[in-house]
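K.L.:
Right, I'll just put the structure down here and ask away after.
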Amino acid sequence: MNAPDSPSEDPTIPPTNGDAEPWIDLTSDHHFMGEALRQAVRAYQVEEVPVGCVIVRKGRIIARAFNQVETLRDATAHAEMLAISQAQQAVGDWRLTDCTLYVTKEPCPMCAGASVHVRFQRVVFGAPDAKGGAAGGAMNLLQFPTLNHRCEVTPGVREPECRQIIRSFFQEQRARRDKESAESTDSPTAPSGSDETSDPAIN
Ligand SMILES: [Zn+2]
């Protein structure tokens, strides 16, 4: 028997997902911040301050980067700066007007300034930075009245995760420094092989 009035076509019944995987919105801020977090993990793995970012255009990631200040010995090698260069190459223009930046930590003044220069439509960040953040934390360069471009700002996306990875990093660094200084006072031949600088460029 045919059932022309199938109940599944009743618009009052919400569509079900059956046994399929949980539905993930691949265009959501949550999703793209997850990708930025993956970049932050990569920074963590190479002992860089764990900040990661992605740049999204028309629902697609066109650039991914993580902080590489120590690796490149370059104070401008913040995740955002590296990703901006990639994105400009991908687009073939210095203007990134229809792009969104997702970054795990509130951008610093340098990166916020660059975000205005490239005219990001939107900047989405995770962990706020009350001392050095330039997206409303310590100052707001992304929406500075006299500059010629203002970005929309979405703060606090996946904030606990973004905050935790930075916190873990600094806790680990401190523990290691304490251990090393204790060892160096115990024995005149301290283990070599670590040339970490004391204060990271981002905090
Ligand atoms: Zn920065």
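Each value in this text was obtained by applying a stated rule to the coordinates, not by laboratory testing. Note that the structure is a prediction, hence the values are computed from the model and not measured. So basically every Cβ, Gly included, is an ideal-geometry build from the backbone, and we count neighbours across all protein chains shown.
K.L.:
What is the set of long-range amide H partners of residue 154 at a cut-off below 5 Å, with H atoms built 1.01 Å from backbone N?
P.N.:
Result for residue 154 returns 123, 124, 125.
K.L.:
What are the lysines whose alpha-carbon lies under 29 Å from the alpha-carbon of residue 179, with same-chain residues fewer than 8 places away excluded?
P.N.:
Answer for residue 179, where 29 Å is the Cα cut-off: 105, 131, listed by chain and number.
K.L.:
No solvent, one uniform scatterer per C-alpha: report log10 I(q)/I(0) for segment 21-79 via the Debye equation at q = 0.21, 0.22, 0.29 1/Å, two decimals.
P.N.:
Listed by q, the Debye log ratios stand at -0.76, -0.81, -1.09.
K.L.:
Please list, by residue number, every one of the trypsin sites (Lys or Arg not before Pro) in segment 16-118 that is coil in DSSP and has at most 10 other beta-carbon atoms within 10 Å.
P.N.:
Hits after loop and neighbour filter: 58, 73.
K.L.:
Also: ³J(HN,Hα) across segment 144-156 via Karplus (A = 6.51, B = -1.76, C = 1.60, θ = phi - 60°), whole Hz, x for Gly/Pro?
P.N.:
So the Karplus estimates, Gly and Pro as x, are 7, x, 8, 6, 8, 8, 10, 9, 5, 10, 10, x, x Hz.
K.L.:
Can you list the residues, at least 5 places off or on another chain, whose amide H is less than 5 Å from the amide H of residue 105, using H built in the peptide plane?
P.N.:
Amide H to amide H, under 5 Å and 5 or more residues apart or across chains, residue 105 pairs with 52, 126, 127.
K.L.:
Each residue of segment 54-64 in order: what ³J(HN,Hα) in whole Hz does its phi give by Karplus 6.51 cos²θ - 1.76 cosθ + 1.60, θ = phi - 60°, with x for Gly and Pro?
P.N.:
Taking θ as phi minus 60°, the curve returns 9, 10, 10, 10, 6, x, 10, 7, 10, 7, 9 Hz for segment 54-64.
K.L.:
If you don't mind, another one. Could you give the length gained by full extension between residue 25 and residue 149, i.e. 0.36 nm per residue of separation minus their alpha carbon distance, to one decimal place?
P.N.:
41.7 nm
K.L.:
Expressed as a whole percent, how much of the Cα-Cα distance distribution for segment 42-195 exceeds 20 Å?
P.N.:
Cα-Cα pairs in segment 42-195 separated by more than 20 Å: 52 percent.
K.L.:
Relative to the present Cα-Cα distance, how much length would full extension add between residue 182 and residue 170 at 0.36 nm per residue of separation?
P.N.:
Full extension from residue 182 to residue 170 adds 2.5 nm.
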